[in-house]
Amino acid sequence: MVLPGTGNQYPVQPGDFIVIADNAINHKQNTSTAYDLHNADFEFPSTNPALGQVDNPSVPNADIIYSQTNFDMFLMHNRGFESYVIARFPTGEDKITFLQKFKYDYSYQNSAGIITPEVLMLSRIHG
């Protein structure tokens with residue numbers, strides 16, 4: 001996922017946070033224990049018609065540059081099987097060159113004997 005802007009427009013200070021919503025609406029209208037996300041910092045509305053996604057025009061959209069799911073959905077794993085980082089592309093790098101350099105497609109034979117395709121995003125840490 002890539003946030004809009006130049007990399008300087010939305011600074012996130014150490015220890016601070018931003019809210020990125022799948023659906024930047026007030027979910028409390030449907031469920032009293034849900035969250036009100038209508039003022040999220042960003043949203044990533046899916047194009048999946050079955051989910052009834054809406055695009056809140058007052059919340060900037062994030063751009064999904066890679067997803068293993070249909071409809072460019074971004075799913076966070078609830079038990080930490082995947083990791084996420086907020087970072088800025090190095091100078092001269094953009095979403096196209098990043099994917100060209102760091103996306104690695106591979107497959108393996110799982111314990112049931114089925115060939116399983118996977119994708120690994122390789123990355124460098126810049127200080």
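The values are calculated or read from the model by the stated rules, or taken from the named source; none is laboratory data. All of these numbers come straight from a predicted model, not from anything done at the bench. Reconstructed Cβ throughout: ideal geometry from the backbone, glycine too, with neighbour counts over all protein chains shown.
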Subset of segment 10-26 that is surrounded by fewer than 17 Cβ atoms within 10 Å (Cβ to Cβ) and either without any contact (Cβ under 8 Å) to a residue 24 or more places away in the chain or of a type in the set (D, E, K, R) (or both) - its residue that is farthest from Lys103 (Cα to Cα) = Asn26
If you check Phe102 against the conditions, is it hydrophobic (A, V, I, L, M, F, W, C), in contact with a Phe, Trp or Tyr (Cβ under 9 Å, 6 or more places away or on another chain), surrounded by 10 or more Cβ atoms within 10 Å (Cβ to Cβ) and at pLDDT 70 or above?
-> no
Scan of segment 23-52 for residues that are in contact with a helix residue (DSSP H, G or I) (Cβ under 7 Å, 6 or more places away or on another chain), over 21 Å from Tyr10 (Cβ atoms) and of a type outside the set (A, V, I, L, M), ordered by number = Ser46, Thr47, Asn48
Might you let me know whether segment 74-82 holds any residue that is part of a helix (DSSP H, G or I), farther than 22 Å from Pro11 by Cβ, modelled with pLDDT of 70 or more and not charged (D, E, K, R)?
-> no
